[in-house]
Each structure stands twice: as C-alpha cells, then as structure tokens.
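I have placed the structure first, in the form of structure tokens, so that the comments after it can refer back to it.
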Amino acid sequence: MDRESIVMVAEDLEYLASWPGDITDPEIRRGTAVLRRLLVEDAYGAAWRASGRDKQPTLIAVDLDLMLGEHAAAMKIALACGADFRGMKMAAICGHKGGPLATSPPAPVRKDGYPFERIFTLSGYLKSTSGVVEGRRFNRREVIKYLANVKGGVHLSAQARKQEQKLIDRLGKAERKFMVETTDGLLVEAVAIAQSLGGSADAKILIAAAKGT
C-alpha cells in the first residue's frame with residue numbers, strides 16, 4: 001500500500017470519527033460502504049502494516065457474549081451497540097424469555113465507556129457477536145457486509161450476490177426487530193461500529209502518522 005492509499009484510509013477513519021449522534025439514516029447507509037472497505041476488505045489493517053506497525057490495530061467495544069453468557073439461546077433480540085445515538089448512550093440491549101439476566105457488568109474499560117466493553121484486535125472484533133435474533137448470533141463482519149450490500153449501494157456481481165444470499169436472507173430477518181425512534185437497530189449497530197473504530201486510539205495514531213504530526 002502506497003502513501004496516498006494510507007492517507008485515504010486515515011481520511012476515512014477521520015470521517016467515521018466525525019459521525020454525530022444525530023446522523024441521519026441515509027448518511028449511515030452511505031457510510032457502510034466505507035466500513036466495508038476499511039474492515040471487510042481490510043484496507044485499515046493493510047494501512048496499519050504498511051505504515052510500519054506490527055500485527056493489527058485494536059479498538060474498544062461492547063462484548064455482547066460477555067453479557068449474554070449462556071442466555072443467548074433465549075434471546076428474542078440482542079444488540080451489542082455501544083453508540084451515542086439520538087441523545088442516548090446505548091449498549092448491550094436485549095429482550096428475552098424468562099427472568100432477568102444474572103450477569104453484572106464489569107467496570108468499563110474507559111472512563112466514559114460502556115458496560116461489557118473490552119479491547120479487541122481488528123480481526124477479533126469482526127468475528128465478535130453484533131447481535132442475536134431468535135437465539136441465532138450474527139457477527140460484526142456480517143452486519144457490515146449486509147448493510148453495505150443491501151442498503152449502502154455497494155455493487156456486487158451476480159456471482160458474489162448469489163454467494164452472499166444466505167447472509168442477506170438471514171440478516172434480513174433481523175431488520176426492524178429493534179427500533180430507535182424510526183431507525184432500524186442494524187443501522188444503530190453500524191453507528192456503534194463507526195464510532196468505536198474512528199474514535200479508537202490506534203485509529204488516531206494512524207491519522208496522526210498520515211498527517212505527519
């Protein structure tokens with residue numbers, strides 16, 4: 001990856017860091033194409049390594065599995081979130097059968113952080129649980145791919161779309177299961193991903209390096 005490409009990645013990270021709590025649904029949908037490029041296509045990881053850093057960047061985000069424990073199968077709907085959205089700070093949202101969860105949240109990693117958050121490597125973050133619908137988990141990589149492909153205007157070939165049809169069908173069942181005002185919960189997940197990524201310490205390191213500061 002050349003210098004110009006690293007700068008472009010840094011600019012994309014800066015753009016994600018600027019997502020406000022009152023971001024509109026169309027802006028979120030368009031931004032999922034950026035998330036796909038940075039994370040699913042690994043442009044961020046490539047820029048990190050090309051700028052002379054070892055391994056992979058990290059970020060802090062909500063660990064939904066830590067909250068759910070053995071209760072995932074009982075979940076009607078659960079979302080990791082970890083977003084400042086429409087005047088609310090939301091994390092580890094769930095609706096389930098039975099009594100209350102017994103899990104108590106550990107102290108947040110950050111002073112102004114969310115319950116059940118922890119430090120992830122970039123690859124671990126993409127594999128981590130983003131949500132549960134009717135007892136079935138889906139991860140953050142799947143949320144990004146689904147939203148970018150279906151809502152964000154990413155153009156897939158007929159063959160690629162056929163390969164991802166099962167993902168599209170499965171994540172489609174998660175839509176409108178949880179709403180924040182008039183915004184679908186999966187879009188709120190995208191905001192959480194953008195804010196966690198763009199606001200991370202390692203993203204700020206890459207941005208500063210690209211700017212030469």
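Read-outs throughout are calculated quantities, based only on the coordinates presented, and are distinct from any laboratory measurement. These figures come from a predicted structure and were not determined experimentally. Cβ placement follows ideal geometry from the backbone for every residue including glycine, while neighbour counts extend to all protein chains displayed.
Each Cα pair under 8 Å and six or more residues apart adds its separation to the average, and for segment 3-211 the resulting relative contact order is 31 percent.
Going from the residue with the fewest nearby Cβ atoms within 10 Å to the one with the most, 27, 189 rank 27, 189. The simple Förster model, with R0 at 25 Å and r as the Cβ-Cβ distance, assigns residue 112 and residue 65 a FRET efficiency of 0.65.
Sorting 173, 151 from the fewest to the most surrounding beta carbons within 10 angstrom yields 173, 151. Each peptide in 194-203, 9-18 was scored by the mean count of other Cβ atoms within 10 Å over its residues; highest first, the order is 194-203, 9-18. Report the number of Lys pairs in the chain whose alpha-carbons are under 19 Å apart, with separation of 8 or more residues or on distinct chains. The number of close lysine pairs in the chain is 21.
For the chain, the fraction of alpha-carbon pairs lying more than 22 Å apart is 49 percent, rounded to a whole number.
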